[in-house]
Amino acid sequence: MRFLETAILLGLLAATAARAADEDLSCRNGGFPSEEKTIGLAQVVGADRLNFLTDTDGCPGEDVRCRQRAYVVGGDVLLTGRGHGPYVCAFFPNRGGGSAGWVRRDRLTPLPVAPSPPLADWVGHWANGDDTIDLTAQDGALDAAGEAYWPSANPPLSERPGGPNLGDLTGTARPKGNRVVFADPDPQACAASLTLVGSLLVVSDNNACGGMNVSFSGVYRRKAPAPTRR
């Protein structure tokens, strides 16, 4: 009987380990837009620094090796994604592009997100680095016109002598809640999902919107458009 109980226990432990291995624990800057289906807002609470944790083997966890240099402090507002035990995948937007990683759930207070923002909240010139998306409203729908680049809009000649790879996003669609999808009828053509969370626009595309490595995926902020040269 003892042998049987031990075998059952070992089987359960093996199954638990297998499930943990199969679970996707990735949480990084480039991949954060894929959190769009669980996206939210939260404010950091507490006086101590809250370090982001890596998604490497054995992490997230409290071991010092899991700790990133990037951190936030009380009062900072984060975008949040899916959870994993006591942790939540989070992104902190800043002028440098932002930081992403796992953070402790008990250091966050959820903030309300408008479930169905008015069209006026969508309209504007949105930018993520050199990539831009212009949204305008017409007859209850949104028109999108976007440009994306890789590696940047003006890469050094030594890095990209032929100039950047280019991408574009166009279309008309009606938002459903705080999400709008611009997609061509061709399933292999460009498609992008835009989620409005507070003053931030989280964009996730299907990597078919332009040349090699070009993607609109990222976290965008509304900015004034650059002046037109004459």
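The values are calculated or read from the model by the stated rules, or taken from the named source; none is laboratory data. The structure displayed is predicted, hence computed values, not measured ones. Cβ sites come from the backbone with ideal geometry, for glycine too, and all protein chains shown count toward neighbours.
Give the residues of the range 205-225 that are in contact with an Asp or Glu (Cβ under 6 Å, 6 or more places away or on another chain) and closer than 13 Å to Asp134 by Cβ, sorted by residue number. The answer is Phe216, and nothing else.
Screening the range 49-63 for residues that are touching a residue at least 24 places away in the same chain (Cβ under 8 Å) and part of a loop (DSSP other than H, G, I, E, B) and picking the one that is surrounded by the fewest Cβ atoms within 10 Å (Cβ to Cβ) gives Arg49. Out of the residues in the range 148-178 meeting the condition of being buried (at least 18 other Cβ atoms within 10 Å of the Cβ) and out of contact with any Phe, Trp or Tyr (no Cβ under 8 Å at 6 or more places or on another chain), tell me which one is farthest from Phe216 (Cα to Cα). Only one residue fits best here, namely Asn178. Only one of the numbered conditions (1) hydroxyl-bearing (Ser, Thr, Tyr); (2) touching a Leu at 6+ places or on another chain (Cβ under 7 Å); (3) under 30 Å from Gly74 (Cα atoms) is not met by Tyr149, and that is (3).
Kindly provide the set of residues from the range 30-48 that are within 14 Å of Val202 (Cβ to Cβ), surrounded by 15 or more Cβ atoms within 10 Å (Cβ to Cβ) and of a type outside the set (Phe, Trp, Tyr), ordered by number. Steps first, answer last, please.
Just the residues of the range 30-48 that are within 14 Å of Val202 (Cβ to Cβ), to begin with: 30-41.
Still in the list and also surrounded by 15 or more Cβ atoms within 10 Å (Cβ to Cβ): 31-36, 39-41.
If the condition is that a residue be within 14 Å of Val202 (Cβ to Cβ), surrounded by 15 or more Cβ atoms within 10 Å (Cβ to Cβ) and of a type outside the set (Phe, Trp, Tyr), then Gly31, Pro33, Ser34, Glu35, Glu36, Ile39, Gly40, Leu41 are the ones that fit.
Test each condition in (1) in contact with a strand residue (DSSP E or B) (Cβ under 9 Å, 6 or more places away or on another chain); (2) assigned to a loop (DSSP other than H, G, I, E, B); (3) free of Cβ contacts under 8 Å to residues at least 24 places away in the same chain for Ala137 and report the one that comes out false. Condition (2) is where Ala137 drops out.
Where strands (runs of 3 or more DSSP E) fall wholly inside the range 147-204, the ranges with 2 or more residues that are modelled with pLDDT of 95 or more and either acidic (Asp, Glu) or within 16 Å of Asp131 (Cβ to Cβ) (or both) are 165-173, 191-197.
Identify, please: which residue in the range 109-125 is surrounded by 12 or more Cβ atoms within 10 Å (Cβ to Cβ) and assigned to a loop (DSSP other than H, G, I, E, B) and is, among those, nearest to the chain's Cα centre (by Cα)? Out of the qualifying residues, it is Val113.
Contact map, the range 96-109: first residue under 15 Å from Tyr220 (Cα atoms) and in the same structural domain as Thr54 (by TED's automatic domain parsing), second residue part of a helix (DSSP H, G or I) and among the aromatic types (Phe, Trp, Tyr), Cβ cut-off under 7 Å, separation 6 or more or different chains; pairs are Ala100/Phe32.
A single member of Leu157, Leu135 is over 25 Å from Val77 (Cβ atoms) and of a type outside the set (Asp, Glu), and it is Leu157.
Among the residues of the range 64-99, those that are part of a loop (DSSP other than H, G, I, E, B), modelled with pLDDT of 95 or more and not aliphatic (A, V, I, L, M) comprise Gly74, Gly75, Asp76, Gly85, Pro86.
Give the residue, chosen from Asp143, Asp205, Asp130, Asp134, that is in contact with a His (Cβ under 8 Å, 6 or more places away or on another chain), over 30 Å from Ala47 (Cα atoms) and surrounded by 15 or more Cβ atoms within 10 Å (Cβ to Cβ). Spell out the reasoning first.
Working: Asp143 fails: in contact with a His (Cβ under 8 Å, 6 or more places away or on another chain); Asp205 fails: in contact with a His (Cβ under 8 Å, 6 or more places away or on another chain); Asp130 fails: in contact with a His (Cβ under 8 Å, 6 or more places away or on another chain).
Exactly one of Asp143, Asp205, Asp130, Asp134 is in contact with a His (Cβ under 8 Å, 6 or more places away or on another chain), over 30 Å from Ala47 (Cα atoms) and surrounded by 15 or more Cβ atoms within 10 Å (Cβ to Cβ), namely Asp134.
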